[in-house]
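One structure below.
Coordinate-derived values only; no laboratory data. Everything numeric in this text was worked out from a predicted model, so none of it was measured. So basically every Cβ, Gly included, is an ideal-geometry build from the backbone, and we count neighbours across all protein chains shown.
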Amino acid sequence: MASKGKETAAATRKEPASNPRGIPYAPFVDKVEDYVTTRADVEPTLRSFQEMIAKYQFMEQNLQRRVAGLKDKMPDIQKTLDTVRFLKLRKDAPDPIETTFELNETLYAKAEIPPTDEVYIWLGANVMLSYPIDEAEELLDTKFQAATKSLNNCEEDLDFLREQITTMEVALARVYNWDVVQKRKEKEEEEKAQKASGKQKEKEKPPGG
């Protein structure tokens, strides 16, 4: 039982060094003395913390751009998937589908789409491929699910990064405040030493001098 308890305690102490996507946790500064022992350590420590904040902010900006791209792309994937599913439902219908399609931003043309079991999908980089309608549905559904998962991961990572930036800003403030306190202490000690030195000189003065 005691052995099992020790193993549980050890497992509790071992926190992951990074989140599931490999973004490292920021160090939590509970005791400043664990990071700086003298005032000479303050400047390099502050610089190190500032560099970590800059790295987190860089990752945050990249993720924000990625989220914007996914949010821009996902409605198009969903619209294409809905169209493929509609065509799939109508593939055994006797009559063609009457629709309009866009020629440019302000010009549309009417068209009739006969029942079909094949669709063409843009894959990007000016590439279009023909797919059986079932394969097209599967491909688009897979792409949409992957984009949804990627968006959720990005948003989770953004929340994680904001927490790490806040943790580092708190750590930065704690080290800075520790330095301010040390400066004040050194000044007080210096003033005390000067007063003590003045009193000593007064005592050492010869009588009537």
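Given the alternatives (1) 127, 62, 21; (2) 65, 46, 29; (3) 65, 48, 24, Cα extents along the principal axes in Å as computed for this entry is given by (1).
Only four residue types carry charge here, +1 at the Cβ of Lys and Arg and -1 at the Cβ of Asp and Glu. Report the dipole size of the stretch 61-201 about the Cα centre in Debye, rounded to the nearest 20.
Details: 22 positive and 28 negative charges, 340 e Å.
That gives a dipole near 1640 debye.
To the nearest ten degrees, helix 42-89 and the longest principal axis of the Cα atoms of the chain are 10 degrees apart. Beyond 26 Å between alpha-carbons counts as too far, so tell me which of Lys31/Lys183; Lys55/Lys185; Lys31/Lys195; Lys55/Lys149; Lys31/Lys187; Lys55/Lys143 fall in that bin. Beyond 26 Å between Cα atoms: Lys55/Lys185; Lys31/Lys195; Lys55/Lys143. The amide H of Ile97, built 1.01 Å from its N in the peptide plane, has Ile113 as neighbours under 5 Å, considering only residues 5 or more places off or on other chains.
Under a straight-distance cross-link criterion of Cα-Cα below 20 Å, which aspartates and glutamates are reachable from Lys88, leaving out those fewer than 8 residues away in the same chain? Those aspartates and glutamates meeting the cut-off are Asp76, Glu98, Glu112, Asp117, Glu118, Asp134, Glu135, Glu137, Glu138, Asp141. Comparing Pro96, Asn126, Thr167 along the charge dipole axis of the chain, the residue lying farthest to the positive side is Thr167, per the Cβ-charge model.
Per-residue extension of 0.36 nm, minus the Cα-Cα distance of Asp41 and Trp122, leaves a gain of 23.4 nm for this segment.
Of Thr80, Thr167, Thr100, the residue with the greatest mean-square motion in the GNM of the chain, using alpha carbon springs below 10 Å, is Thr100. Among the chymotrypsin sites (Phe, Trp or Tyr not before Pro) in the stretch 22-54, those placed in a DSSP loop whose Cβ has at most 15 other Cβ atoms within 10 Å are Tyr25, Phe28.
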